[in-house]
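Report on the structure given below.
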Amino acid sequence: MHSRDNKNTILVIGRNCLDYIAVVEKLPAEDEKAPLDFRIVEGGGQGGTSACCIARLGGDVALIGRIGGDDEGVFCKERLHAFGVDTGFVDSVAGGATPVAYLFITRKTGRRTIVYEPSRLPEIVLNSQHFRLLSTARVILLDPETTYLAGVAKTHAGPQTRIVYDGERWKAGIEKMMAVADYFIPSSSFLDSIPWLENQLEFNKKIFRLQASLAGQLIVTRGEDGAFYPVDGKLYRVPAPKVRAVDTIGAGDNFHGAFALALDRNFDLHGAVRFAVAVASLSCEHYGGRQGVPTLETALATSEKIHEEIV
């Protein structure tokens, strides 16, 4: 376990859950059935998986989150420990149920279908101990379930701390996050959920329109197409390297975790996006979202072969 006094700690705040992963040749239609190839049980949740990615890459990461006081919660915490995440601020809620998610992976494509249980645990409330972590962290990563913490994170973050936000979909209060995040990183589907953005707009134009509404830097992930980000009126794309993808479950979470680590290591924007794309892509080569996170050396070697392009 890492020291909570380390000022280089990356702080992740977000969801933990238990993932039941089923690999099938083909998803059945309604009222049909299909055989199961094999199954995996793994810790999940955007915050938890991002934290595991950071730790696997050698980062000093603490996680603030909540789990239920049940067997599922014990398992999730054990998995975080196994990756080297500081779980001193992962609270177990007595009588609470750890949320679960059911994920179906189609073997041929590696694509996933997810049915998840919304968390019924109490919202995370930050206290004076958390504030000390916020003030000393070099990077704070907030996942979609912690959008409401934008203001308090900004208030207590250190003057040099950078805030990264994992944007899943448009939700109430997200305007506050848009005003405080140094790096606002949604998936491309987020662009279609913005109520004031015309759906008929071209993808590139949507990016520039959203960037104009943000205080920080926008980066949009787009699966196997890589990641896009505007700089000085130009739109850059970092293409994803060719990998043998068998499971895309944790790709987005691993992108955010790798990007946070890159910021902690003082990568510039282009290098940080290349690194995050490399990690996210390589993580798809194994089942379960976490086991495929590469070593730092492999991630760096892969990212050096990727070149951003202006589109």
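Where a number appears in this text, it was derived from the coordinates with a stated rule and is not lab data. Because the structure is predicted, anything quoted here is derived from the model rather than measured. Quick reminder, even Gly has a Cβ in these numbers, built from the backbone with ideal geometry, and neighbours come from all protein chains shown.
Ranked by how many other Cβ atoms sit within 10 Å of their own Cβ, fewest first, the residues Glu285, Glu175 fall in the order Glu175, Glu285. Taken about its Cα centre, the chain carries a charge dipole of about 480 debye when Lys and Arg each add +1 at the Cβ and Asp and Glu each add -1 at the Cβ.
Of all the Cα-Cα pairs you can form in the range 51-103, what percent are over 16 Å apart?
Roughly 41 percent, rounded to a whole number.
Neighbours of Leu80, meaning other residues whose beta-carbon lies under 12 angstrom from its beta-carbon, give a summed charge of +1 when Lys and Arg score +1 and Asp and Glu score -1. Within the listed set Thr221, Thr136, Thr106, the Gaussian network model of the chain (springs between alpha-carbon atoms below 10 Å) gives the highest mean-square fluctuation for Thr106.
Bridgeable lysines around Lys176 (alpha carbons under 23 Å apart, same-chain partners fewer than 8 residues away excluded): Lys154, Lys205, Lys206.
For Asp247, the residues whose amide H sits under 5 Å from its own are His286, ignoring neighbours fewer than 5 places away on the same chain, with H placed 1.01 Å from N. Dipole orientation for the chain: of the candidates Ala280, Ile207, Ala62, Ile207 has the Cα lying most toward the positive pole (charges on Cβ; Lys, Arg +1; Asp, Glu -1). When you filter the trypsin sites (Lys or Arg not before Pro) in the range 218-311 for DSSP loop state and at most 11 other Cβ atoms inside 10 Å of their Cβ, you are left with Lys242, Arg244, Lys305.
Cross-link partners for Lys305 among the aspartates and glutamates, with Cα-Cα distance under 15 Å and sequence neighbours closer than 8 places in the same chain left out: Glu297.
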